[in-house]
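Shown next, in structure tokens, is the structure this report addresses.
What follows draws every value from the coordinates through simple rules; no lab data is involved. The structure presented is a predicted model; accordingly, all values stated were derived computationally and were not measured. Heads up, the Cβs are rebuilt from the backbone with ideal geometry, glycines too, and the neighbour counts pull from every protein chain shown.
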Amino acid sequence: MTKALSAIRSVKGTRDLLPSETPLWQRVEEEARRVFDAYNFREIRTPVLERTDLFARSVGADTDIVTKEMYTFQDRDEESLTLRPEATASVVRAYIEHRLFNEGGVHKLYYLGPMFRRERPQKGRYRQFYQIGAEVLGSDHPTIDAEVLEMLTFLLARLGLREFSLLINSVGCGKCRPTYVEVLREALQGVKSQLCADCQRRAETNPLRVLDCKVEADQAQIARLPRIVDYLCADCRKHFDGVEAELAQRGVAYEINPRLVRGLDYYTRTTFEITSSGLGAQNALLGGGRYDGLSEMLGGPSSPGFGFAIGQDRLMLAVEHAGNLKGENSIAAYVAWLGDGAFRPAAELARGLRQQGWRVEIGYEPVKLSKSLSVANKLHARYAIIIGEGELASGRYQIKDMGTGRQEEVEPARVPAYLKEKLGTGPV
RNA sequence: GUGAGCGUAGCUCAGCUGGUAGAGCUCCAGACUGUGGAUCUGGAUGUCGCGGGUUCGAAUCCCGUCGCUCACCCCA
């Protein structure tokens, strides 16, 4: 690594997920797919690259994401393209572009993949980060909100996570939110001088953000500010009550947090977030909400939607912290052969096992048996299959259980059946 | 974009108020020429992030620079 030419390194905020960690990522992704599938969500894959305008119009031209965090460039034909900072806009774009709404009913879609935001990296935050998300398009019924939240808590439970809290709120709609913002702005004028410098600034630029302040000294004042849930219009009120009732029916534990404000412009009514401990300052594991006006903002028909995005990088931190789920890093068998005559039969055995789906490794060079077993041990092999002159002569291979150290003799043809019996139905 | 901390072996780090590098782990080999994980013995690897300055002498002090980390902002 230390040569005259400095080695090229990965781009700031991006990282390599090495084989030591990908098994756990795969486990988490499998679990998510399984749960989404059970709730009848179908996968959608959209491009990583989109027209810049898509995000300006959906996420909001004045948001931090659009004003300073996007990876945007001019394509050769001078079109402005952007590496997606999130996927909801893309999913809705695809929904409109392919006229999925004409099929009637509700569309339940999920996705997973990398997103890009040019922020300063820190714990749980990267410039290329991964999201697992889902969207329900075509209905504004509160049951949808509740069902998705139920699904999320189920998924987290499946991942062995216990310490998390579901926070929900309603941010109203285009009718009632402006009224609230005015009320809030006025209330802030009265107490502004007692708040932190950041909040004094936010009181002018983005009053809703004050609610999200984490400065301890400000909390007392913030707690006394007007709450948006008290200013909802009749329709929004009814919707929020419906969500609450459904959550209660389903036994989903939640907490109303009137200060939960999401940063993307397209949210309406229900917003939510699940936080977890052990994630550093970025304690939001996932977030989402309703976006009933997004389709129209993107030039589609009026079509309500509800969705969420899980920060997979943060989810992985939480899963590791909980320690209840682990990735598979063992192999079923290591074929240890010794003596030139043993290689051919050993390779044949390995080929047979592999083609039946067993994860198998075999040494490529003649080495001492102790070395082979040492390698088998390092690879976390469940069994070592020993093939040498004696075994070839007797027609029975030694199969050593690497956990107990016990050995049995097994005829070559019976090895697959032996592994199946010992390791269960499926290949490792 | 702002702030703070840190950059010494593959990894985790030690190296006091300057005298030109060490430990543990890992790795390799052997003890044990057909039996791993334990133990013991031996061995390998560093432009001490980079550049400059102070000094007889710098890993150590100073300046700059790059990188990483954490936090702010904001979000997943």
- DSSP-assigned coil residues among chymotrypsin sites (Phe, Trp or Tyr not before Pro) in the range A:48-155, each with at most 10 further Cβ atoms within 10 Å: none
- When only DSSP loop residues count, what trypsin sites (Lys or Arg not before Pro) in the range A:59-135 have their Cβ near at most 10 other Cβ atoms within 10 Å? A:ARG76, A:ARG99
- Give the dimensionless ratio obtained when the Cα radius of gyration of the range A:1-160 is divided by 2.2 N^0.38 Å. 1.21
- Task: Using per-residue counts of other Cβ atoms within 10 Å, averaged over each peptide, order A:285-296, A:367-378, A:325-336 from highest down.
- Result: A:285-296, A:325-336, A:367-378
- Query: Using a basic spin-label model with each label point 7 Å from the Cα along Cα→Cβ, how many nm lie between A:SER277 and A:ALA38?
  - Reply: 2.6 nm
- With labels modelled as points extended 7 Å from the Cα through the Cβ direction, what inter-label distance (nm, one decimal) is found for A:GLU365 paired with A:GLU204? 7.1 nm
- Message: Using the Cα centre of the range A:160-240 as the reference point, and only Cβ charges (+1 on K/R, -1 on D/E), how large is the resulting charge dipole? Debye, rounded to the nearest 20.
- Response: 180 debye
- Query: Which lysines, on any chain, are close to A:LYS214 with Cα under 19 Å apart, when same-chain ones fewer than 8 places away are left out?
  - Reply: A:LYS123, A:LYS192
- Task: Would you list which aspartates and glutamates come within 17 Å of A:LYS326, measuring only between C-alpha atoms, while excluding same-chain residues fewer than 8 positions from it?
- Result: A:GLU21, A:GLU29, A:GLU30, A:GLU31, A:ASP313
- Length gain on complete extension for the stretch A:THR22 to A:ALA417, per 0.36 nm per residue less the alpha carbon to alpha carbon distance? 139.2 nm
- Message: Only four residue types carry charge here, +1 at the Cβ of Lys and Arg and -1 at the Cβ of Asp and Glu. Report the dipole size of chain A about the Cα centre in Debye, rounded to the nearest 20.
- Response: 960 debye
- For the range A:363-372, in order, what is each residue's ³J(HN,Hα) by Karplus, 6.51 cos²θ - 1.76 cosθ + 1.60 with θ = phi - 60°, in whole Hz (x at glycine and Pro)? x, 9, 10, x, 9, 5, 4, 4, 5, 4
- To the nearest 20 debye, the range A:113-158 has a Cα-centred charge dipole, built from +1 on Lys and Arg Cβ and -1 on Asp and Glu Cβ, of 680 debye
- What 222 nm value per residue comes from the helices of chain A, counting each DSSP H run with n ≥ 4 as -39,500 (n - 2.57) and dividing by all residues, nearest 500 deg cm²/dmol? -10500 deg cm²/dmol
- Query: Using all Cα-Cα distances in the range A:24-96, what percent lands in each 5 angstrom bin from 0 up to the longest?
  - Reply: 3, 14, 20, 17, 16, 12, 11, 5, 1
- Query: If packing is taken as the mean number of other Cβ atoms within 10 Å per residue, what is the order of A:160-169, A:415-424, highest first?
  - Reply: A:160-169, A:415-424
- A:SER302 and A:SER193 label points (each 7 Å along its Cα→Cβ direction) are spaced in nm at 4.8 nm
- Given A:LEU379, A:LEU109, A:THR72, which one lies farthest toward the positive end of the charge dipole of chain A, if we put +1 on the Cβ of every Lys and Arg and -1 on the Cβ of every Asp and Glu? A:LEU379
- Subtract the Cα-Cα distance of A:LYS238 and A:ALA61 from 0.36 nm times their separation in residues, and report this length gain in nm to one decimal. 60.7 nm
- Query: Taking a spot 7 Å from the Cα of A:ARG45 along the direction of its beta carbon, which residues of the range A:106-120 have an amide N less than 16 Å from it?
  - Reply: A:110-115
- HN-Hα couplings for the range A:194-209 via Karplus (6.51, -1.76, 1.60; θ = phi - 60°), in whole Hz with x for Gly/Pro, come out as 8, 9, 5, 4, 4, 5, 4, 6, 5, 3, 8, 6, 8, x, 4, 5
